[in-house]
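Report on the structure given below.
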Amino acid sequence: SSGINAEWPLRPGVKHAHGKGGCILALAVTSDGALLASGGTDKKVIVWDTTELTPLKVFRKHRDHVTAVAFRRDTQLLISGGRDRTLNLWNCEDMCYVESLYGHQDGITGMDSFVRERVLTVAGHDKTLRLWKIPEESQLVFNGHKTSIMECVTMLNEEVFVTGAQDNCLCVWHINKKRPIATQRPAHGTRPDCWVTAVAALRNTECFWSGSSEGGARLWACGEDYRTVTCIREVEVTGTINAITVTRDLSRVVLAVGQEHRLGRWWQDKTARNSLVVLSLQESENAER
């Protein structure tokens, strides 16, 4: 079972952060918690001071919605991706543009980065997973989910990754294999139109969380050599889970829950609340939002 702790001090928010009528589609925070990056429908990437929630820099390079952002761990290197199929790198120490990376054939839907100078991305209809080696200026292309769109990606470590897709499928990948080494279908629910909408790794372990368009969140454990996955925990939440984040000390997992998918209004669950759900990874019998 999971305990939910929502006793957080909340500061006043910022209205129209990405323009009046605009939407924020992606968020990322530096490892030290000092900087927040947001991407939105106004094509901008904004870097914020988390103490005062004031904007420090607005980056303008994308030609369409910014749908994914990530910081490299323990650095201020920011990577952003969008519907323009482009990855942009930003140095948030000097607040400057670094370079752009190209290769995807569709808009980027998910992104992750860890310790090394690499970034992992998935991009909708092009059905590929790409690992970008930034210093080498090269990329590895992995092919999977041939009949469906890849929604999300996470890195268990520098060599093993997990993706989720609209075919309700989870795939585990190894850097030395071009095809998945493990596949779990169905991953969530019973409806044929259920999507895997979010994944998040417990770094340097064999475990990861996944979320779905039906609102369920599941904790999975990989077996020997990552060739099997087994659900070891399940939490039911009403709504679509649009993002999952695990705290660095692995003590809590945060679910971003909405009535709709973050990138489109394919459905709406009016019984759901747009909210954050915080799960304690320690044993507890009761849960509240």
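Rule-based calculations on the coordinates, nothing more; no lab input. Keep in mind the model is a prediction, meaning the values are calculated, not measured. Counting neighbours? That spans all protein chains shown, and the Cβs are built from the backbone with ideal geometry, glycine included.
Describe numerically, in nm with one decimal, the distance between label points set 7 Å from Cα along Cα→Cβ at Glu137 and at Ser280.
In this crude spin-label approximation the distance works out to 5.2 nm.
Treating the beta-carbon of each Lys and Arg as +1 and of each Asp and Glu as -1, no other charges, what is the dipole magnitude of the stretch 181-289 about its Cα centre, to the nearest 20 debye?
380
With unit charges on the beta carbons (Lys and Arg positive, Asp and Glu negative) and the dipole taken about the Cα centre of the stretch 70-201, which residue among Gly81, Ile181, Val199 sits farthest to the positive side?
The one lying farthest along the dipole's positive direction is Ile181.
Which FRET efficiency, nearest 0.05, do Cys23 and Asp225 yield, Cβ-Cβ r, R0 51 Å?
E between Cys23 and Asp225, to the nearest 0.05, is 0.80.
Can you classify the stretch 18-84 as rounded, prolate or oblate using the Cα gyration tensor, where a ≥ b ≥ c are the square roots of its eigenvalues, rounded means a/c under 1.5, and otherwise it's prolate if a/b beats b/c and oblate if not?
Note, shape of the stretch 18-84 comes out oblate.
Based on Cβ point charges of +1 for Lys and Arg and -1 for Asp and Glu, what charge dipole magnitude is obtained for the stretch 117-163 about its Cα centre, in debye rounded to the nearest 20?
Here the stretch 117-163 has a charge dipole of around 220 debye.
Charges on Cβ only, +1 for Lys and Arg, -1 for Asp and Glu, centred on the Cα centroid of the chain; of Val278, Cys152, Phe71, which one is farthest towards the dipole's positive end?
Result: Cys152, furthest along the dipole toward the positive end.
Between Glu236 and Val115, what is 0.36 nm times their sequence separation minus the Cα-Cα distance? Round to one decimal in nm.
40.3 nm
At a Förster radius of 22 Å, what calculated FRET efficiency corresponds to the Cβ-Cβ distance of Thr75 and Glu99, to the nearest 0.05?
It comes to 0.90.
How do the peptides 173-179, 87-93, 59-65 rank, highest first, by the average count of neighbouring beta carbon atoms within 10 Å per residue?
Those peptides, ordered most packed to least, come out 87-93, 59-65, 173-179.
Could you state, as a whole-number percent, how many of the C-alpha pairs of the stretch 1-143 are farther apart than 25 Å?
28
So what is the relative contact order for the chain, in percent, with contacts set as C-alpha pairs under 8 Å and at least six apart?
In percent, rounded to a whole number, it is 13.
Could you rank the peptides 253-264, 106-117 by their average count of other C-beta atoms within 10 Å per residue, with the highest value first?
Per-residue Cβ counts within 10 Å, averaged per peptide and sorted highest first, yield 106-117, 253-264.
Which log10 I(q)/I(0) values does the stretch 207-289 give at q = 0.15, 0.24 Å⁻¹ under the Debye formula, counting every alpha carbon as one identical point scatterer?
Taking Cα atoms of the stretch 207-289 as identical point scatterers yields -0.57, -1.17.
Kindly rank 31-41, 66-76 from highest to lowest mean number of other beta carbons found within 10 Å of each residue.
Top to bottom by mean Cβ count within 10 Å: 66-76, 31-41.
With +1 assigned to the C-beta of every Lys and Arg and -1 to the C-beta of every Asp and Glu, and no other charges, what is the dipole magnitude of the chain about the Cα centre in debye, to the nearest 20?
Roughly 800 debye for the chain.
Please give the FRET efficiency for Val254 paired with Asp32, using the beta carbon to beta carbon distance and R0 = 22 Å, rounded to the nearest 0.05.
Computed FRET efficiency for Val254 and Asp32 comes out at 0.80.
Stokes-Einstein at 37 °C, 0.692 mPa s, Kirkwood radius from Cα pairs: D for the stretch 170-216 in µm² s⁻¹?
Translational diffusion coefficient: 276 µm²/s.
Would you please classify the overall shape of the chain from the alpha carbon gyration tensor, given that a ≥ b ≥ c denote the square roots of the eigenvalues, rounded means a/c under 1.5, and beyond that prolate means a/b larger than b/c while oblate covers the rest?
Rounded, since a/c falls under 1.5.
With a ≥ b ≥ c the root eigenvalues of the C-alpha gyration tensor of the stretch 109-193, is it rounded (a/c under 1.5), prolate (a/b larger than b/c) or oblate?
Prolate.
What percent of all Cα-Cα pairs in the stretch 184-254 falls in each 5 Å bin, counting up from 0?
Binned Cα distances yield the sequence 4, 17, 28, 25, 16, 8, 2, 0.
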